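Undergrad: My questions all concern the structure below.
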Amino acid sequence: MTTSPHITTVVTNTGQIDPANARMGPDSGLPVDIPDAFITDVLKPYRSHAKYLKSARIVHLADKTSLKAKDAAFMVGAGRFAIPESCYIDDTGHFNAVEFNICYNQLAYVLFARGLELGVLQKLNAGLQKLSDKQVDNLSISMAEYKKHQLPSMLIVSIDGVRFFKQLKSGDFEGELSINRVAPVGGAWFFFTTVTFSDAEGVKAKGSVVLAYVPPGVHVP
């Protein structure tokens with residue numbers, strides 16, 4: 001059994017990742033919290049009463065281009081959520097499909113942005129370039145570009161296998177999002193992900209989501 005390489009991160013004395021010194025290595029040094037200010041900045045497009053994600057952290061990073069195991073995630077992030085009241089309807093008494101979608105979106109936005117800031121997605125881009133006969137460098141974007149095009153460029157392609165097992169206590173719960181596979185197609189990037197939502201009693205909902213990043217000017221057939 002071989003040990004898959006990981007992206008080693010240098011943690012500062014404030015407990016945060018130092019993007020400038022992230023490198024490949026055998027020890028990831030995770031989990032590491034994502035700063036609250038960073039989350040607030042990424043979630044600016046949301047109305048204040050619709051910001052359900054309260055905190056987030058990266059719990060796993062791996063060099064997916066060298067992994068052979070299909071079940072090994074490239075990146076895993078977790079977030080704490082709270083829904084004191086619905087942003088669109090009177091209280092239904094349960095965690096529903098719309099809230100599932102909103103919570104997924106918020107955690108995905110934050111993880112994708114943090115991955116860009118740390119250079120993780122750019123490392124992935126360089127690795128996949130070796131496997132492609134076409135130039136696929138659309139992940140080499142700045143944070144300013146990402147925030148400018150965040151809403152129109154990040155798209156949910158499909159949501160499959162969503163299951164709600166029991167009523168989730170929406171006052172305090174956790175979501176875990178795993179990026180399991182990444183594929184460049186026609187200048188766009190497709191992220192094959194899974195997500196679970198759980199409270200103190202365990203997992204209450206889960207599903208599989210295909211997320212696309214379509215850079216400005218790219219048209220996917």
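Undergrad: Which FRET efficiency, nearest 0.05, do K148 and V210 yield, Cβ-Cβ r, R0 25 Å?
TA: Numbers: r = 24 Å, r/R0 = 0.94.
My answer for the efficiency is 0.60.
Undergrad: For the ranges 49-58, 111-120, what's the packing order if you count other beta-carbon atoms within 10 Å of each residue, average per peptide, and put the highest first?
TA: Output ranking for 49-58, 111-120: 111-120, 49-58.
Undergrad: Provide the gained length on full extension for the span R163 to T40, in nm with one decimal, where the gain is 0.36 nm per separating residue minus the Cα-Cα distance.
TA: Separation in residues times 0.36 nm, less the Cα-Cα distance, equals 41.4 nm.
Undergrad: Computed FRET efficiency, Cβ-Cβ of A183 and V98, R0 35 Å: what is it to the nearest 0.05?
TA: 0.80
Undergrad: Grab the other residues whose beta carbon is less than 10 angstrom from that of E201, score K and R as +1, D and E as -1, and report the net.
TA: +2
Undergrad: Among 208-216, 32-40, what's the highest-first ranking by average C-beta atoms within 10 angstrom per residue?
TA: Top of the packing list down: 208-216, 32-40.
Undergrad: Rank by packing, highest mean first: peptides 181-188, 159-166, with packing defined as the count of other Cβ atoms within 10 Å averaged across residues.
TA: Ranking the peptides 181-188, 159-166 by packing returns 181-188, 159-166.
Undergrad: At C87 and L155, where each label point lies 7 Å from the Cα along Cα→Cβ, what is the point-to-point distance in nanometres?
TA: Here the modelled spin labels are 2.2 nm apart.
Since every read-out is calculated from the coordinates, none of them should be taken as a lab result. Here the structure is a predicted model, which is why all the values come from computation and not from measurement. Neighbour counts run over all protein chains shown; Cβ positions are idealised from the backbone, glycine included.
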